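K.L.:
So that we are looking at the same thing, I have put the structure below in structure tokens.
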Protein chains: 2
Amino acid sequence: MRTNGPPDSPVPSGSSHLLRTINERAALYHLLENGTLTRVELRKLTGLAKPTASQVMLRLSEAGLAVTLGRSTAKQVGPRAEVYSVNADYAFAAAVTLREPDGVTVAVRDLKGRERASSTRRIDFTAVPLDRAVLDLLERTAADAGIDKGRIAALHVAVPGAYDAETDTIGYADIPGAPEVRMRAAIEAALDCPVTVHNDVNAATVAERRNPAASGGLVLLWLGREGVGAGIDLGQGLIVGARGAAGEIGYVPVFPDRTGPDDPTYQDWIGAPAIADLGREHGVEGPDAAAVVAGAVERGADAFLEAYAKRVAGALHMLTCLFDPPCLVLGGEIARAGGETLVDHVRRQAGALGDRVLPSAVYGDAVAIGVLDLAYADLKERVLDAALA
Amino acid sequence: MRTNGPPDSPVPSGSSHLLRTINERAALYHLLENGTLTRVELRKLTGLAKPTASQVMLRLSEAGLAVTLGRSTAKQVGPRAEVYSVNADYAFAAAVTLREPDGVTVAVRDLKGRERASSTRRIDFTAVPLDRAVLDLLERTAADAGIDKGRIAALHVAVPGAYDAETDTIGYADIPGAPEVRMRAAIEAALDCPVTVHNDVNAATVAERRNPAASGGLVLLWLGREGVGAGIDLGQGLIVGARGAAGEIGYVPVFPDRTGPDDPTYQDWIGAPAIADLGREHGVEGPDAAAVVAGAVERGADAFLEAYAKRVAGALHMLTCLFDPPCLVLGGEIARAGGETLVDHVRRQAGALGDRVLPSAVYGDAVAIGVLDLAYADLKERVLDAALA
DNA sequence: CCAATAGATAGTAAAACTGTCTAACTATTG
DNA sequence: CAATAGTTAGACAGTTTTACTATCTATTGG
């Protein structure tokens, strides 16, 4: 920003240089928001004078951040305005999703927000070090798409576990090798790019923010094939906790007077074990929890669904008392298998809370979408902060 | 700020006017932080040139925000620097605490952060409308201290209930008349000053932030004479929820398979009813819950304390799984009555969590202190934003 | 002990510098 | 011909640099 004062001061100060930087930042911000921009549009957004708008766009072009795309095709009186565009190849955001047993998924988005590459590979985590596996797939994917890996300026990783940013360790993860590897340090060293690691449910929560109905914030109750968890975004960004372990509802004991290691937690109460138990009770079976729920929906096993929905509603009630979110989203493989039918059952069991309960609005892989959204948002911020030093 | 662009744009733009505003803002910010400032100190903080520093301070003085306090008394070579001070009387922050049955407490802090007035009055809320009672005491208190009530630029109110900012209503409150009155609208209309209403436990949480050990954020488990609740500040400010009902642990059912109206909630499990029950079981009695706990501590009734601490530890465990705060503070009249003894018992019962458990570090009335801190912080922000339009 | 002096600090004045804005102008298009 | 896109030249506003004055302490020499 080129402020005069100490860089940690929350209030900047400076001279004309600062003014130029501020206006360039504003222009770049609007360019990133809109993708393309004519000088006239920039003036409408910023209020800058004509010559200033011209100069600012010129400097953004010289810095390699903007490129001219030709002239507007709008049918209008007068000459056609020159169209500036974000230089999509200026920098890239990469997202990695780790899953057991599915392996590694990588996706790359350019500065303009277009998906430029993606691939998934099954990996035996007991055979290959975690960081090597990620780096290998990332490099191969980038190379195949003709992307210079040195231009990757933000890399975000989703892992099925609690990531403690302070110690750079992954707790509670199901993936072999995850607790040992220092994911951020290892990848940053190899790639020279800032790395951020997220819990997978938190990443999925970000994806749900795409739903306008959840724009005020949400709590996502994740009912996954393996585990359950909650993702919390109350409008001011994700709540991750001091050690990345916020939202770990799976570890909450169901009965506070029974807290021994064999006593039930919410993982047992609403997760895969509960579905197996309830399924047996009600004569609904299947190869895994999602299949049981899907089967119950298909066959109209209302007693089973009601029993399970009641438990889920109890969890939602607890989450609502503690977080009071504007909406509660049901996500994860089990919720998906249950579909609208399960949501309806839960709504009925949730009483007054029912109005706040929504199904997931994300098609496809919520975790992968969310972590890519996080990476892309981070990339834009970094470009805005760093490009015009 | 006098930016060119639309005022809702997150990125400002502008010309020389903006620069001047930015530098004045920076100066005012540092002045508010430090209380007093010489030109040389301002230059060190902002990096501004000598003439600019002079001009900025001149303008702050002309605007009535700063006053000269004479010359520095530092023994040094050369002339003594002129000392500027915040004009303490420029604006005031007022805080109101409502309590049943204690009535109303009012406190006023000036722009420099000094407490200028405070008073408490018992009020029969069934006889006087809530807003009238607040306004009366506030006006009388201000007048007694010689404070122009028109200069009160931020008023914050703490109420024992969940305040929904959107509908301007107070839910779950124990105070007669609270659910009916539109507190914010009523006081704003009478006083022409922005009013913010908080839950009392949230206010107390802010007071705990004064403790350096809790600087990274905290969850306050409030064990009050009347009710229990949790205040959550994870470092990015209070979490209040969509309808102001976050942290209402008192409404969480203890046993998720028993959610009828007569089944126990955490209010019954760790609040006053639990203490009465456990007290009877263990032969500890008293006129109210705080007295029972105080008596138990005094007489060394370890069995009672252990049983109660176990329940509290269970609540802390749930809160930790969901919020993962860096520290857990025990507050409220019951926690105070239990003192270090109770905290030690809870620590022992909490297992690995014990390290994060702390007693309240606030002497005196945490709610009143917290709401005054909130009002004062808000005042500074408003002055910074509005004074140099 | 006292006075003269050097050196550092606080603050101001004038001119240079850097940026944006206004106004006038050219070119393009329906 | 009128409206729009864009440039150019000079005005304008703000900060900075440089030079200067005034004030105060500490040192030094008589």
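The values are calculated or read from the model by the stated rules, or taken from the named source; none is laboratory data. As the structure is a prediction and not an experimental result, all values here were calculated from the model. Cβ coordinates were reconstructed from backbone atoms using ideal geometry, including for glycine residues, and neighbour counts include every protein chain displayed. For accessibility, only protein heavy atoms count, side chains too; no ligands or nucleic acids. Shrake-Rupley method; radii C 1.70, N 1.55, O 1.52, S 1.80 Å.
K.L.:
Within region A:74-91, track down each residue that is more than 10 Å from DNA strand C (Cβ to nearest atom) and either assigned to a strand (DSSP E or B) or over 13 Å from A:Ala387 (Cα atoms) (or both).
P.N.:
A:Ala81, A:Glu82, A:Val83, A:Tyr84, A:Ser85, A:Val86, A:Ala88, A:Asp89
K.L.:
Let me ask something additional. For region A:117-141, what are the residues that are surrounded by fewer than 14 Cβ atoms within 10 Å (Cβ to Cβ) and of a type in the set (Val, Ile, Thr)?
P.N.:
A:Thr126
So that you can scan it fast, the table gives a plain yes or no per residue for (1) open to solvent by 10 Å² or more (accessible area, probe 1.4 Å); (2) under 27 Å from A:Arg99 (Cα atoms):
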| position | (1), (2) |
| --- | --- |
| A:Ala294 | yes, yes |
| A:Ala315 | no, yes |
| A:Pro326 | yes, no |
| A:Gly339 | yes, yes |
| A:Arg348 | yes, no |
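K.L.:
Another one. Look through region B:215-228, keep the residues that are within 11 Å of chain A (Cβ to nearest Cβ) and among the small types (Gly, Ala, Ser), and return whichever of them is most open to solvent (accessible area, probe 1.4 Å).
P.N.:
So the residue we want is B:Gly216.
K.L.:
Do the conditions hold for A:Val104, that is, is it away from chain B (no Cβ under 14 Å), more than 12 Å from DNA strand D (Cβ to nearest atom), open to solvent by 30 Å² or more (accessible area, probe 1.4 Å) and in a strand (DSSP E or B)?
P.N.:
no
K.L.:
Please state which one of B:Leu155, B:Leu137 is in the same structural domain as B:Met183 (by TED's automatic domain parsing), more than 16 Å from DNA strand D (Cβ to nearest atom) and within 17 Å of B:Ile369 (Cα to Cα).
P.N.:
Values: B:Leu137 fails: within 17 Å of B:Ile369 (Cα to Cα).
Result: B:Leu155 is the single residue among B:Leu155, B:Leu137 that is in the same structural domain as B:Met183 (by TED's automatic domain parsing), more than 16 Å from DNA strand D (Cβ to nearest atom) and within 17 Å of B:Ile369 (Cα to Cα).
K.L.:
For residues that are within 14 Å of another protein chain (Cβ to nearest Cβ), charged (D, E, K, R) and in a loop (DSSP other than H, G, I, E, B), tally how many sit in region B:316-372.
P.N.:
1
K.L.:
If you check every pair at least six apart or on different chains, which have Cβ atoms under 8 Å apart with a residue in region A:45-56 that is among the basic types (Lys, Arg) first and a residue that is in a helix (DSSP H, G or I) and more than 8 Å from DNA strand D (Cβ to nearest atom) second?
P.N.:
A:Lys50/A:Arg43
K.L.:
If I ask for residues that are within 16 Å of DNA strand D (Cβ to nearest atom), surrounded by 14 or more Cβ atoms within 10 Å (Cβ to Cβ) and among the polar types (S, T, N, Q), which ones from region B:54-97 would you list?
P.N.:
B:Ser54, B:Gln55, B:Ser61, B:Ser72
K.L.:
Out of B:Arg71, B:Arg59, B:Arg2, I need the residue that is on the phi < 0 side of the Ramachandran plot, within 13 Å of DNA strand C (Cβ to nearest atom), more than 8 Å from every other protein chain (Cβ to nearest Cβ) and at pLDDT below 95. Which one?
P.N.:
After applying the criteria, what remains is B:Arg71.
K.L.:
Among the residues of region A:234-257, is there at least one that is more than 26 Å from A:Leu353 (Cα to Cα), surrounded by fewer than 18 Cβ atoms within 10 Å (Cβ to Cβ) and assigned by TED's automatic domain parsing to the domain that holds A:Ala296?
P.N.:
There is at least one residue in region A:234-257 that is more than 26 Å from A:Leu353 (Cα to Cα), surrounded by fewer than 18 Cβ atoms within 10 Å (Cβ to Cβ) and assigned by TED's automatic domain parsing to the domain that holds A:Ala296.
K.L.:
Still on this structure, please answer the following. Determine whether B:Gly64 is away from DNA strand C (no atom under 11 Å from the Cβ) and in a loop (DSSP other than H, G, I, E, B).
P.N.:
Yes: the conditions hold for B:Gly64.
K.L.:
Please indicate, with yes or no, whether at least one residue in region A:74-82 is closer than 25 Å to A:Leu111 by Cα, within 14 Å of chain B (Cβ to nearest Cβ) and at pLDDT 95 or above.
P.N.:
No, because not a single residue in region A:74-82 is closer than 25 Å to A:Leu111 by Cα, within 14 Å of chain B (Cβ to nearest Cβ) and at pLDDT 95 or above.
K.L.:
Tell me, which residue of region A:173-200 that is closer than 13 Å to A:Arg99 by Cα and in contact with a strand residue (DSSP E or B) (Cβ under 7 Å, 6 or more places away or on another chain) is nearest to the other protein chains (Cβ to nearest Cβ)?
P.N.:
Result: A:Asn199.
K.L.:
Quick one: A:Asp268 ticks every box in (1) open to solvent by 50 Å² or more (accessible area, probe 1.4 Å); (2) at pLDDT below 95 except a single one, so which number is it?
P.N.:
Answer for A:Asp268: the failing condition is (2).
K.L.:
Among (1) among the small types (Gly, Ala, Ser); (2) in contact with a helix residue (DSSP H, G or I) (Cβ under 7 Å, 6 or more places away or on another chain); (3) facing chain B (nearest Cβ under 10 Å), where does A:Gly231 come up short?
P.N.:
(3)
K.L.:
Checking the structure you have, find out if any residue of region A:366-382 is surrounded by 24 or more Cβ atoms within 10 Å (Cβ to Cβ) and more than 15 Å from the chain's Cα centre (by Cα).
P.N.:
no
K.L.:
Further question on the same structure: Kindly provide the set of residues from region A:13-53 that are buried (at least 21 other Cβ atoms within 10 Å of the Cβ), part of a loop (DSSP other than H, G, I, E, B) and more than 9 Å from DNA strand C (Cβ to nearest atom), ordered by number.
P.N.:
A:Ser13, A:Gly14
K.L.:
Collect the residues in region B:143-174 that are more than 17 Å from B:Pro194 (Cα to Cα) and either outside any loop (DSSP other than H, G, I, E, B) or in contact with a helix residue (DSSP H, G or I) (Cβ under 9 Å, 6 or more places away or on another chain) (or both), keeping them in residue-number order.
P.N.:
Hits for region B:143-174 are B:Ala143, B:Asp144, B:Ile147, B:Pro160, B:Gly161, B:Ala162, B:Ile170, B:Gly171, B:Tyr172.
K.L.:
Return the residue satisfying two criteria in turn: it lies in region B:15-32 and is more than 9 Å from DNA strand D (Cβ to nearest atom) and more than 7 Å from chain A (Cβ to nearest Cβ), and of such residues it is farthest from the chain's Cα centre (by Cα).
P.N.:
B:Ala27
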